[in-house]
Amino acid sequence: MLAWLALSAVALAQSPPASAIAFVKNNSLTITAKHGEVLDTVMMRPAVSDFSISQDRRSVVVVSNGTARGGELELIDLRKRRRSKLVTSPVYFKALQQQEREVYASPQISPDGEHVVFAVRLDSTSDGTNPGAAAGPLAVLKISDGSVQVMPSTTSIEGRGPCNANTPMWSPDGSKILFNCETGFATTSRDGSKFNRLVAATERKPWSAAIGWLGKRCVLYVQAEDVAAYDTYEVRWLNLTTSVSQDASGLVTRQRAKIAGLSEASSDAAISRTSELTIHAPTNQWVLPRDAPAHLLGGWPRHDVPQSCR
């Protein structure tokens with residue numbers, strides 16, 4: 001039976017604001033303006049562990065019925081108040097054993113709203129806690145017909161098989177996908193044919209993770225001694241054309257953001273995850289459990305993007 005959805009009285013026909021914040025709390029997905037006004041609320045049954053909202057705010061892709069590795073991929077049409085499953089059969093792990101199932105994580109809807117990229121993983125009750133057993137490639141689904149393309153460049157990273165690909169992120173023009181892979185990050189072309197490992201970490205701070213695009217040519221990322229070494233975090237941006245890395249702390253201080261645990265940032269908001277999740281905005285702050293799903297909607301306006309990144 002399809003889950004029921006309860007929507008707020010906010011008219012969906014209204015033009016969405018350029019930027020907003022979305023988070024899940026108590027099985028309710030809330031979209032709010034940076035100053036605190038609630039724009040929309042969607043009650044979720046079953047619960048979701050992650051989500052992606054289209055730029056026009058008309059649809060949401062969610063991960064439901066999940067474990068720590070992922071779950072089912074579903075589409076919520078906010079205009080028709082309809083929830084449907086997007087993937088109905090395995091797309092990569094075809095020869096599943098009795099205690100295994102293919103799951104999906106980290107969805108992101110493309111800028112044009114026509115596709116969704118997501119990570120494919122193997123969930124098994126018999127493999128212990130080895131994260132390598134869950135590794136799978138990225139895949140792209142066409143929302144209109146449900147067709148799925150596994151991205152070939154992510155099935156074997158540098159000859160070592162797929163990595164734990166997390167948080168795939170479309171470039172603003174939709175031509176590339178940025179994603180994290182173990183202790184670093186990389187890009188692949190829209191069709192998955194080209195792979196480009198991005199070198200950003202240093203000997204002093206060997207762990208790095210991308211947290212978003214900065215214009216069309218740059219990637220915003222954090223680096224540290226270790227993912228949990230919050231007091232060693234630095235935020236930087238990497239120019240993909242010149243391979244030059246520069247300090248980016250000045251871009252996020254205006255949001256009163258904490259660089260420690262920084263996981264997302266825009267021109268007027270940021271999200272950090274340490275012992276708890278904190279959403280920072282110039283005049284507001286939200287504190288949620290560390291694993292609560294939360295995302296920033298809207299990117300960096302052109303005038304806030306460094307000239308070399310535009």
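The values are calculated or read from the model by the stated rules, or taken from the named source; none is laboratory data. This is a predicted model, so every value here is computed, not measured. All Cβ positions, glycine included, derive from the backbone under ideal geometry; neighbour counts span all protein chains shown.
Observations on the structure shown:
- Within the stretch 273-304, tally of residues that are small (Gly, Ala, Ser), within 18 Å of SER52 (Cβ to Cβ) and without any contact (Cβ under 8 Å) to a residue 60 or more places away in the chain: 0
- Scan of the stretch 146-196 for residues that are surrounded by fewer than 22 Cβ atoms within 10 Å (Cβ to Cβ), modelled with pLDDT of 90 or more, hydroxyl-bearing (Ser, Thr, Tyr) and not in a strand (DSSP E or B), ordered by number: SER147, SER153, THR155, SER171, SER175, SER193
- Of the strands (runs of 3 or more DSSP E) lying entirely inside the stretch 228-309, the ones with 1 or more residues being of a type in the set (Ser, Thr, Tyr) and either out of contact with any helix residue (DSSP H, G or I) (no Cβ under 7 Å at 6 or more places or on another chain) or farther than 27 Å from ARG69 by Cβ (or both) are found at 245-247, 262-265, 270-273, 276-280.
- One residue stands out among those in the stretch 83-115 that are in contact with a Lys or Arg (Cβ under 8 Å, 6 or more places away or on another chain) and not in a loop (DSSP other than H, G, I, E, B): the one that is nearest to PRO293 (Cα to Cα), which is ALA105.
- Restricting the stretch 255-277 to residues that are of a type in the set (Val, Ile, Thr) and buried (at least 18 other Cβ atoms within 10 Å of the Cβ), the residue that is modelled with the highest pLDDT is ILE271.
- Candidate set from the stretch 217-227 (those that are in contact with a Ser or Thr (Cβ under 6 Å, 6 or more places away or on another chain) and part of a loop (DSSP other than H, G, I, E, B)); member that is surrounded by the fewest Cβ atoms within 10 Å (Cβ to Cβ): GLU225
- Hits in the stretch 36-63 - residues which are on the phi < 0 side of the Ramachandran plot and either of a type in the set (Lys, Arg) or in a loop (DSSP other than H, G, I, E, B) (or both): GLU37, MET44, ARG45, PRO46, ALA47, SER54, GLN55, ASP56, ARG58
- Set side by side, the residues TRP237, TRP207, TRP286 differ, and just one is closer than 26 Å to VAL38 by Cα, surrounded by 13 or more Cβ atoms within 10 Å (Cβ to Cβ) and not β-branched (Val, Ile, Thr), which is TRP286.
- Here ASP50 meets each of (1) buried (at least 22 other Cβ atoms within 10 Å of the Cβ); (2) over 20 Å from VAL140 (Cα atoms); (3) of a type outside the set (A, V, I, L, M, F, W, C) with one exception, condition (2).
- Hits in the stretch 64-92 - residues which are surrounded by 18 or more Cβ atoms within 10 Å (Cβ to Cβ) and either among the basic types (Lys, Arg) or at positive phi (or both): ARG69, GLY70, ARG83
- Residue within the stretch 107-123 that is in contact with a His (Cβ under 6 Å, 6 or more places away or on another chain) and surrounded by fewer than 20 Cβ atoms within 10 Å (Cβ to Cβ) present: no
- The set of residues from the stretch 68-82 being among the charged types (D, E, K, R), more than 17 Å from the chain's Cα centre (by Cα) and either part of a loop (DSSP other than H, G, I, E, B) or within 30 Å of SER124 (Cβ to Cβ) (or both) comprises ARG79, LYS80, ARG81.
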